[in-house]
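For reference, the structure is listed below as structure tokens.
The values are calculated or read from the model by the stated rules, or taken from the named source; none is laboratory data. As the structure is a computational prediction, the values presented were derived from the model and not from experiment. No Cβ is skipped: glycine too gets one built from the backbone with ideal geometry, and neighbour counts run over all protein chains shown. Ligands, DNA and RNA are stripped out before the accessible areas are found, and what is left, the full protein with its side chains, is counted by its heavy atoms. Shrake-Rupley method; radii C 1.70, N 1.55, O 1.52, S 1.80 Å.
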Amino acid sequence: LLDKADKYDARDVERLQQDDQWVESFLVWRHDVVDDTLKMIDESFRWRKEYTVNDLTESALPKWLFESGALFLHGYDKEGYKLFWFRVKHHIRDPKQQLEKKKLVAFWLEHYAKRDHGKPLTVVFDMSETGISHIDLDFVRFIINCFTDYYPNFLTKIVIFEMPWIMNAAFKIVKGWLGPEAISMLKFTNKSDVQEYISGEYLPPHMGGTDSFKYSYPPLVDDDFQTPLCENGPITSEDEHESKEEIEADTKEPGEVTEEPNPNQKKMNSVEHISKSEETDKTEIKPKNAKKALTTFKGPLLHISPAEELHFGSKETGEKKCLIILTNVTKNVVAFKVRTTAPEKYRVKPSNSSCEPGASLDIVVSLHGGFAASLQDRFLIMAAEMDQSAAAGVPELTQFWKEVPRTKVMEHRLRCHVVESSKPSSLTLKESTFNIPGKPNEDFHVQLTRLLQSNKRLQEQLDRCLWFQQLSLVLSLLSVIVVAFCFYLAYVQRS
């Protein structure tokens, strides 16, 4: 590969040398066959340079490409994978525009790959209301090649909705381009069965769903994240029926002063109210039974634990709270805010604040009311450095986020995972942590946590014993050698 370095983008070569996960994705996609893997890397890198993939930005492409609405990212399938939509009826075959349209495909794939760290996609070919003028096998083949040849391990399935009978012959040709594994990813659907793969909340009405999303440009679709996010959770008419004690029990933590939310105020705009929240945050006691995060995302501004997923329980397991730990690794104050794709479900505290240099801060994410977490829910943590002289109060933060350049903002996304068992692998805060009577599975979780901690201590003790054993063995051998040498000297002197 290095012999052909002039045919590759130097940034891709550098990433290949540093990013083990990227190399592994090529190997997995080619079933650990080294020759096939090297061939794919070669083809992918040549293509990336030809299409200037690393330099494909929104401003580098014609505006009409985005305005057409033929290609975009929106929503999730039932397995929690992002949907890459191709609205075929908005695509007209035109050889003169083909290269630019292909670059648009590359733009979206690269945009998502960098943003969501290689999380796979589900492709949806929405072929409703299409005819002969929309049939473009070359373009379809290009999209498929992107996943089979250029973006390894990036495709979960291809959902084809209402393919016209006139295209049956064309898709027989398409199947000839695919291997057996790729063919198994094809899912031909119509209005009656498409919800086997995608729930109604992410399907438009013409596909039998309830998603009111309407594509428009600008701006780019922002991954459905919404803001602002209220720290005490959304205030809805249903919530007014909840008793005051129930709300307090769900949000109160040891050492925290109870605050009454104002039902007539969706946004917490009161400076006095926020300042009280900040004061009480400083006095909050960390839950004793919170498990240590197994993974940490190490960003340039913040280290974030857990790195990828928040583990909530199903209604049966009762795990309703998770903990996100932010650690400021810069020498300046870092402002942050949290967005979610489902603001009606979650309370996040704090959702918009700042973190001092070198300090760690806990964010408590809790499910609101009778809601349950789903695989489609996402959280976005945005962070940016503030000047040392800048204040970090509520008005200053509001103004800061209005003025900070997009290029200076670090973004990290977290997925939701629903835990059916009582052994989550992220920082899950049990209700028993908040002095609420526990359920049997919660007691089991506490016992399991203690057992794991005890096991860890035993492992550490065992490691120390082995170390002392090895040291003792070495010293014993040295003693034997010294004694033998003394006997040898004595024997030589007698002789």
If we keep only residues of segment 406-425 that are modelled with pLDDT under 85 and assigned to a loop (DSSP other than H, G, I, E, B), then the residue least open to solvent (accessible area, probe 1.4 Å) is Pro424
Heads up, the strands (runs of 3 or more DSSP E) in segment 38-141 (entirely inside) with at least 2 residues that are among the aliphatic types (A, V, I, L, M) are 71-76, 121-126
Within segment 29-59, residues being among the small types (Gly, Ala, Ser) and without any contact (Cβ under 8 Å) to a residue 12 or more places away in the chain number 1
Glu24 passes all but one of the listed conditions (1) open to solvent by 60 Å² or more (accessible area, probe 1.4 Å); (2) outside any helix (DSSP H, G or I); the exception is number (2)
Among Asp32, Asp12, the single one that is within 27 Å of the chain's Cα centre (by Cα), among the charged types (D, E, K, R) and in a loop (DSSP other than H, G, I, E, B) is Asp32
Going through segment 71-101 in order, the residues found to be open to solvent by less than 30 Å² (accessible area, probe 1.4 Å) and closer than 23 Å to Ser44 by Cα are Leu71, Phe72, Leu73, Lys82, Leu83, Phe84, Trp85, Phe86, Gln98, Lys101
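Yes or no, residue by residue, for (1) in a loop (DSSP other than H, G, I, E, B); (2) in contact (Cβ under 8 Å) with a residue 40 or more places away in the chain:
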position: Leu310; (1), (2): no, yes
position: Cys322; (1), (2): no, yes
position: Leu326; (1), (2): no, yes
position: Thr330; (1), (2): yes, yes
position: Ala335; (1), (2): no, yes
position: Pro343; (1), (2): yes, yes
position: Arg347; (1), (2): no, yes
position: Ser354; (1), (2): no, yes
position: Pro357; (1), (2): yes, no
Scanning segment 170-213 for residues that are over 17 Å from Tyr76 (Cα atoms), assigned to a helix (DSSP H, G or I) and either open to solvent by less than 60 Å² (accessible area, probe 1.4 Å) or not charged (D, E, K, R) (or both) gives Ala170, Phe171, Ile173, Val174, Gly176, Trp177, Pro180, Ala182, Ile183, Ser184, His206
Subset of segment 141-154, residues open to solvent by 20 Å² or more (accessible area, probe 1.4 Å) and under 13 Å from Leu186 (Cβ atoms), comes to Thr148
**Message:** Taking the conditions exactly as written (closer than 23 Å to Asp116 by Cβ and modelled with pLDDT of 85 or more), does Val334 satisfy them or not?
**Reply:** yes
Per the list (1) in contact with a Pro (Cβ under 7 Å, 6 or more places away or on another chain); (2) at pLDDT 85 or above, residue check on Glu344 breaks on (2)
